[in-house]
Amino acid sequence: MSYKRLGDMVKFISNKNTDGNATVLFGINIDKFFMPSVANIIGVDLKKYKVVKKYQFACNRMHVGRDKRLPISMSTFGYDFIVSPAYDVFEVTSSDVLPEYLMLWFRRKEFDRQCWFYTDADVRGGLHLDALKSIEVKIPSIEEQRQIVAQYETIANKIKVNEQICEKLEATAQAIYKHWFVDFEFSNEAGKLYKSSGGKMVWNDELGKEIPEGWGIVKLQHLIDNDYIFKNQDGNHGEIHPKSSDFVHKGVPFVMVNNVKKYCADLTNCNFISNDQARKLRIGFAKDNDVLITHKATIGKTVMLFTNHEKVVLTPQITYYRIKDKHKMRSSFLYSVFKSQEFQNQFAAFSEQSTRSYLSILNQRFLEILLPTSNVIINYDKQTAVLLKQIYNYTQINQKLKQLQSLLLSRLATLEK
């Protein structure tokens, strides 16, 4: 087992798309995956772009210092695609190195730190090609490389399966929401579908259609004034807003927008502040079962908060909603409303600003929702709360699996078992 310079194991290539056969244009994100490019290519000559084939790598060395990561990925696609002419493309030429193993090395945090250390003085912090080539990679035997890749891919496949389960559970919850609150086919007291069985409908001028009797359009302020929910609140901490120098390894979770993930708030990889610091703050304490929604720059990302922590501190970009009377309102219903396309459209329209999107906690109270009777909300909760909890459980499993992946990568340099 030995270390080898990257430049001694690979060959940099620059095959242009001169025949125009490759039409798919990809970029690379900082998580080291190829993704569809968002660049405006109208009028751009794509024949000047570089072609990437299966098991070839592409990387963007232009702003490693800014992102503290090298965007780099290996193609596993069964077709050729193109990347920016500014990217480097290379392939493995050494017979004792597996491309898949090399990609795992590139995923190590230690590799990114090394790249960042070598960046130049440019404002974006570019990484010189010679510096990249000089980075050394530990190369075990081919058999050991195959074992390591197999272990990593087994975990990756499990994560993917769990994500697919979460997508299906979320889709099921949204389908139930549509069936009940858009089609009005919720179960009545006799256990029959309300609208199909002739449940009484009344005309609603605001929606321009009939809705079940007893339902109505209300502003979120109505829910506050009538004790359905507490006043919504964000984490505006003013001059005592926690700084990076205040963060500690363990303590009270400090949740930022980037910790609001697709299905849950990430309380494992977020920052933490001490209990003493948390006690100095006045507002912005979210609790278990609150509904969180982002309201500044990144608009409308919604999750239910599941946590064993007594409290979670939010940044000024996140609002929490808390149920006041469980006999009137449930978090699962509020979560589903906030996730609905109609509410998301309304939230986005209210948040349009001249610079970047923003919707204050006071203006959020002008947003409107269709409010059913409380017994319908409670029955909806009985069907969907378990789905949301399952989604949370699967995301927790995936967080553990990702930690295991990270541990596996960190041990590549020592190959500890």
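The values are calculated or read from the model by the stated rules, or taken from the named source; none is laboratory data. Note that the structure is predicted; figures quoted are calculated from it, not measured. Heads up, the Cβs are rebuilt from the backbone with ideal geometry, glycines too, and the neighbour counts pull from every protein chain shown. Heads up: the accessible areas ignore ligands, DNA and RNA and are worked out on the full protein's heavy atoms, side chains in. Shrake-Rupley method; radii C 1.70, N 1.55, O 1.52, S 1.80 Å.
Computed quantities for the displayed model
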quantity: Exclusive hit being open to solvent by 60 Å² or more (accessible area, probe 1.4 Å), over 30 Å from Ser406 (Cβ atoms), touching a residue at least 12 places away in the same chain (Cβ under 8 Å) and of a type in the set (Val, Ile, Thr), set Ile240, Ile224; calculated: Ile240
quantity: Selection within segment 56-92 - surrounded by fewer than 19 Cβ atoms within 10 Å (Cβ to Cβ), of a type in the set (Ser, Thr, Tyr) and in contact with a helix residue (DSSP H, G or I) (Cβ under 9 Å, 6 or more places away or on another chain); calculated: Thr76
quantity: Set Tyr194, Tyr152: member being farther than 30 Å from Lys287 by Cα, in contact with a Leu (Cβ under 9 Å, 6 or more places away or on another chain) and aromatic (Phe, Trp, Tyr); calculated: Tyr152
quantity: Identity of the residue in segment 34-55, hydrophobic (A, V, I, L, M, F, W, C) and surrounded by 13 or more Cβ atoms within 10 Å (Cβ to Cβ), that ends up nearest to Leu104 (Cα to Cα); calculated: Phe34
quantity: Inter-residue pairs, beta-carbon under 9 Å, first farther than 11 Å from Lys133 by Cβ and in segment 1-30, second among the basic types (Lys, Arg) and surrounded by 18 or more Cβ atoms within 10 Å (Cβ to Cβ), 6+ apart; calculated: Ile13/Lys50; Ser14/Lys50; Asn15/Lys50; Lys16/Lys50; Asn17/Lys50; Ile30/Arg69
quantity: Number of the condition not met by Val97 [criteria: (1) at negative phi; (2) open to solvent by 20 Å² or more (accessible area, probe 1.4 Å)]; calculated: (2)
quantity: Unique match (being β-branched (Val, Ile, Thr) and in contact with a Lys or Arg (Cβ under 6 Å, 6 or more places away or on another chain)) among Val83, Val10, Val38; calculated: Val83
quantity: Segment 168-191 residues that are farther than 14 Å from Asp381 by Cα and open to solvent by less than 50 Å² (accessible area, probe 1.4 Å), paired with ones that are in a helix (DSSP H, G or I) and among the polar types (S, T, N, Q) (beta carbon under 9 Å, 6 or more apart); calculated: Leu169/Gln390
quantity: Selection status of Lys219, touching a Lys or Arg at 6+ places or on another chain (Cβ under 7 Å) and either over 30 Å from Ser95 (Cβ atoms) or aromatic (Phe, Trp, Tyr) (or both); calculated: yes
quantity: Verdict on Ala171 being within 30 Å of Arg69 (Cα to Cα), assigned to a helix (DSSP H, G or I) and of a type in the set (Gly, Ala, Ser); calculated: no
